[in-house]
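Here's the structure, in structure tokens; my notes come after.
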Amino acid sequence: MKKGAPGGEATRFDAVFVDRDGTLIEDPGYLADPRNVRLLPGVAAAVRALNEAGIPVIVVTNQSGIGRGFYTEAQFHRVQEEVERRLAGLGAHLDAVYFCPHDPERESCGCRKPGTELFVRASEELGLDSRRCLYVGDRVRDVEPGLRLGGEVILVAGPDGTYDGPVPPGIPRAATLLDAILMSVPRSEA
């Protein structure tokens, strides 16, 4: 895991935690077929800029479709492999992926966002300071963990340019993941 930009300079962020569905890829709802993976505009450029700056990109995603029986964990992994294959084809990569497979209507867990369990686990496993991370997603629940853990957050708009539900005051917003990265990571890092 890289902890600094090429040349050894310190970076502003230990890592960027990013949501998958609706932030990296189109969210058709309960995505089970890798053939339906569509990267959102600018995603590969954003991830590549973070890669080049030595800032790890970590996906944290709710996948309640597994717990609800809409698709299997194996199908989730095949979809994720396709996401990573498409990013790699554009010169970008993810450093880690964490997911919650639970059905929130049947199981109570701390790993489903807005819970912080997966972020804390990733920080411990990867040696990150959660206060020095950026948390980006298309739903308020994607960025709430960052607020609780003391990091910086940015909410990205959906494909129609709107935000999911009411946005609490003070939460920075961006049109896309690329816009979020450009406004958060200084040019010398990205």
Would you mind finding the one in GLY42, GLY22 that is under 13 Å from the mean Cα position of the chain (by Cα), within 20 Å of PRO159 (Cα to Cα) and of a type in the set (Gly, Ala, Ser)? GLY22
Please tell me if LEU50 is without any contact (Cβ under 8 Å) to a residue 60 or more places away in the chain and surrounded by 15 or more Cβ atoms within 10 Å (Cβ to Cβ). no
So which residues in the stretch 115-131 are crowded, with 16+ Cβ neighbours inside 10 Å and either charged (D, E, K, R) or in a loop (DSSP other than H, G, I, E, B) (or both)? GLY115, THR116, GLU117, LEU128
When the stretch 45-77 is examined, which residues are found to be part of a helix (DSSP H, G or I) and over 24 Å from PRO159 (Cα atoms)? ASN51, GLU52, ILE66, GLY67, GLU73, ALA74, GLN75, HIS77
Anything in the stretch 156-190 that is over 17 Å from PHE13 (Cα atoms) and touching a Lys or Arg at 6+ places or on another chain (Cβ under 8 Å)? List them, or say none. VAL156, ALA157, TYR163, ASP164, GLY165, VAL167
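Going through THR11, THR72, THR23 one at a time, which residue ends up being among the β-branched types (Val, Ile, Thr), over 26 Å from GLY161 (Cα atoms) and crowded, with 21+ Cβ neighbours inside 10 Å?
THR11
Bear in mind these aren't lab numbers, they're just calculated from the coordinates by the rules spelled out. Predicted model only: the values in this text are computed from it and were never measured. All Cβ positions, glycine included, derive from the backbone under ideal geometry; neighbour counts span all protein chains shown.
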